[in-house]
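Participant: First the structure, which I've put down as structure tokens, then a few questions once you've had a look.
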Amino acid sequence: MVFVGKVSRPHGIRGELRVIEGLGSSGAWHRVEEVFIGRGQDDAVAHRIRGLRVSGKHVIVSLEGVADRDAADRLKGLSVYVPRESLATCGQDEYYAEDLIGLQVVDVRGRVLGLLVEIFDNGAHEVYAVREGSQQVLLPVVDGVVKSVDLELGRMIVDPPEGLPGTGRDG
């Protein structure tokens with residue numbers, strides 16, 4: 001299962017849900033026929049999609065069996081998942097965010113920076129939070145930083161920008 005978003009609240013009175021997409025969501029899930037909603041993957045329940053549309057930063061989803069605001073409100077705060085096999089295969093040098101979480105991050109000189117523990121958007125670009133013990137490095141995902149990703153080896157090679165604290169290139 002792939003996490004694609006979180007139900008933020010009901011939308012209107014007809015049972016529609018306002019979903020905030022997860023970071024790194026490509027929108028590929030917009031074409032699936034079924035989503036799974038729950039606190040986690042283990043308790044997620046299947047729901048057939050009746051309709052889906054993008055509205056600004058949100059996705060408005062209507063589901064079979066969720067016909068009014070009260071039913072939609074019961075799903076508020078829950079996570080939305082789709083089976084990986086229902087998503088399109090990523091193109092070359094494209095990855096689902098959850099495939100990257102947990103990779104060992106190494107700089108181009110061979111220094112281990114830590115594990116990729118979180119991906120978030122700062123408004124200008126994505127940022128990779130890399131942690132080694134109590135040390136954390138925030139890598140901007142801009143041209144030239146990520147040099148290679150090897151999912152089989154569980155490793156990402158990066159070239160951090162000059163002056164970035166915690167990377168050995170901080171002056």
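The values are calculated or read from the model by the stated rules, or taken from the named source; none is laboratory data. Just so it is clear, the structure is predicted and the values come from calculations on it, not from any experiment. Neighbour counts run over all protein chains shown; Cβ positions are idealised from the backbone, glycine included.
Participant: Within region 4-17, restricting attention to residues that are buried (at least 19 other Cβ atoms within 10 Å of the Cβ) and under 15 Å from VAL35 (Cβ atoms), which residue is farthest from the chain's Cα centre (by Cα)?
Facilitator: So, considering only residues that are buried (at least 19 other Cβ atoms within 10 Å of the Cβ) and under 15 Å from VAL35 (Cβ atoms), the one farthest from the chain's Cα centre (by Cα) is GLY15.
Participant: Checking LEU87 against (1) over 22 Å from GLY40 (Cβ atoms); (2) in contact with a helix residue (DSSP H, G or I) (Cβ under 9 Å, 6 or more places away or on another chain), which single condition isn't satisfied?
Facilitator: Of the numbered conditions (1) over 22 Å from GLY40 (Cβ atoms); (2) in contact with a helix residue (DSSP H, G or I) (Cβ under 9 Å, 6 or more places away or on another chain), the odd one out for LEU87 is (1).
Participant: Within region 64-81, can one find any residue that is surrounded by fewer than 19 Cβ atoms within 10 Å (Cβ to Cβ), of a type in the set (S, T, N, Q) and touching a residue at least 40 places away in the same chain (Cβ under 8 Å)?
Facilitator: Within region 64-81, not a single residue is surrounded by fewer than 19 Cβ atoms within 10 Å (Cβ to Cβ), of a type in the set (S, T, N, Q) and touching a residue at least 40 places away in the same chain (Cβ under 8 Å).
Participant: Then there's this: Among the residues of region 126-150, how many are within 16 Å of ASP93 (Cβ to Cβ) and in a loop (DSSP other than H, G, I, E, B)?
Facilitator: 5
Participant: Another question, if that's okay. Just to verify a result, which residue in region 34-52, among those that are of a type in the set (D, E, K, R) and without any contact (Cβ under 8 Å) to a residue 40 or more places away in the chain, is surrounded by the most Cβ atoms within 10 Å (Cβ to Cβ)?
Facilitator: Checked region 34-52; the qualifying residue surrounded by the most Cβ atoms within 10 Å (Cβ to Cβ) is ARG50.
Participant: For region 43-113, list the strands (runs of 3 or more DSSP E) that sit wholly inside it and hold at least 3 residues that are among the β-branched types (Val, Ile, Thr); which are they?
Facilitator: Filter on region 43-113 gives 45-55, 58-63.
Participant: Within region 90-98, is there a residue that is aromatic (Phe, Trp, Tyr) and farther than 24 Å from ARG39 by Cα?
Facilitator: yes
Participant: Does region 141-153 contain any residue that is free of Cβ contacts under 8 Å to residues at least 12 places away in the same chain and surrounded by 12 or more Cβ atoms within 10 Å (Cβ to Cβ)?
Facilitator: Scanning region 141-153, I find at least one residue that is free of Cβ contacts under 8 Å to residues at least 12 places away in the same chain and surrounded by 12 or more Cβ atoms within 10 Å (Cβ to Cβ), so the answer is yes.
Participant: For region 72-82, state whether one or more residues are closer than 30 Å to LYS147 by Cα, modelled with pLDDT of 90 or more, within 16 Å of the chain's Cα centre (by Cα) and assigned by TED's automatic domain parsing to the domain that holds ASP143.
Facilitator: no
Participant: Okay, next question. Could you pull out the residue among ARG131, ARG109 that is surrounded by 15 or more Cβ atoms within 10 Å (Cβ to Cβ) and outside the structural domain of ILE20 (by TED's automatic domain parsing)?
Facilitator: ARG131
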